[in-house]
Amino acid sequence: MVDSVRCVPGCYLCCVETDMILTKEDVKNILALGYRLEEFAEYRDGYLRLKNKNGMCFFLNERGACRVYENRPMGCRAYPVIYDVEEGKCKIDEECPAG
């Protein structure tokens, strides 16, 4: 397990083509910021997932920063630890330069 990960300045690779399942708590926290569910989430394959906009996370701004960082979803908080569905286990995302 990773004790601490320091992101590489300017890196937002984890925000490209996201396919993250949102928890009820994630949704509650983001709705409290004034966003509408249909803006940032979509149902796909039986799960509520974070939307992408032009291939990037809905919350990534023009400067490559997260607009909801303090309230970001659990999957973002845990990154670079991801759950690999094919392997059936958690692992470090090999695409993360800091991982």
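Each reported figure results from applying straightforward, stated rules to the coordinates on display, with no laboratory input. These numbers come from a predicted model, not from an experiment. Cβ placement follows ideal geometry from the backbone for every residue including glycine, while neighbour counts extend to all protein chains displayed.
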Item checked: Cβ-based net charge around residue 84, under 13 Å, with every Lys or Arg adding one and every Asp or Glu removing one -> -4
Next item on the list: Using only alpha carbon pairs under 8 Å that are at least six residues apart, calculate the relative contact order of segment 13-92 and give it in whole percent.
Entry: 30
Check: Given a Förster distance of 25 angstrom, what is the FRET efficiency for residue 51 paired with residue 89, based on the Cβ-Cβ distance and rounded to 0.05?
Finding: 0.40
Next item on the list: Within the set of other residues whose C-beta is less than 15 Å from the C-beta of residue 40, count the net charge using Lys and Arg as +1 and Asp and Glu as -1.
Entry: +3
Margin query: Charges at C-beta only: +1 for Lys and Arg, -1 for Asp and Glu. How large is the resulting dipole of the chain about its Cα centre, in Debye rounded to 20?
Written below: 420
